[in-house]
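All remarks here apply to the structure that follows.
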Amino acid sequence: MLAAGHERIYQVCKCFRAGEHGPHHASEFTMIEWYRAFAELDDIARDTEHLVAAVVRALAAAPTRGDTASDDAATSGGGMGGAGIGGERSDGSGTEVRPRRR
């Protein structure tokens, strides 16, 4: 896809390990990987920081099980608030809102 001109691609997938067991090896897990054409290591590191921060915010704001507010958030676009890789967000209109560079 990068060769076809797509500058940013990502994939979220289920992964399975065969034969690796231990406290640090889950036999099944979900992985995200992404590629950015022309990005430097600092850009990818910043992407990772923004992704982890968005996940932490989403988990901190997530209601506990059995709370009806979680159903409301799931149907109203709650959760990560449209946070994307690189700190990009959607304002709900389908338009990406990019953060200012530091």
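A short reminder: the numbers here are calculations on the coordinates, not readings from a lab. Keep in mind that what you see is a predicted model, and the values were worked out from it rather than measured. Cβ coordinates were reconstructed from backbone atoms using ideal geometry, including for glycine residues, and neighbour counts include every protein chain displayed.
So in region 21-40, with the set limited to residues that are of a type in the set (Ser, Thr, Tyr) and surrounded by 11 or more Cβ atoms within 10 Å (Cβ to Cβ), which one is nearest to Val52 (Cα to Cα)? Before the answer, list the steps.
First pass over region 21-40, keeping only residues of a type in the set (Ser, Thr, Tyr): 27, 30, 35.
Checking the rest, the ones that are also surrounded by 11 or more Cβ atoms within 10 Å (Cβ to Cβ) come to 27, 35.
Numbers: Ser27: 22, Tyr35: 17 Å.
Selected residue: Tyr35.
Of all the residues that make up region 21-51, how many are assigned to a loop (DSSP other than H, G, I, E, B) and in contact with a strand residue (DSSP E or B) (Cβ under 7 Å, 6 or more places away or on another chain)?
The first filter runs over region 21-51 and keeps only residues assigned to a loop (DSSP other than H, G, I, E, B), leaving 21, 23-24, 26-27, 37-40.
Pick out the ones that are also in contact with a strand residue (DSSP E or B) (Cβ under 7 Å, 6 or more places away or on another chain) and you get 27.
Final tally of qualifying residues: 1.
Restricting to region 6-55, name every residue that is among the hydroxyl-bearing types (Ser, Thr, Tyr) and in contact (Cβ under 8 Å) with a residue 24 or more places away in the chain. Give the steps one after another, and end with the answer.
Of region 6-55, the ones among the hydroxyl-bearing types (Ser, Thr, Tyr) are 10, 27, 30, 35, 48.
Hits for region 6-55 are Tyr10, Tyr35.
If I ask for residues that are exposed (fewer than 10 other Cβ atoms within 10 Å of the Cβ) and out of contact with any strand residue (DSSP E or B) (no Cβ under 8 Å at 6 or more places or on another chain), which ones from region 1-20 would you list?
Selection gives Ala3, Ala4, Gly5, Ala18, Gly19, Glu20.
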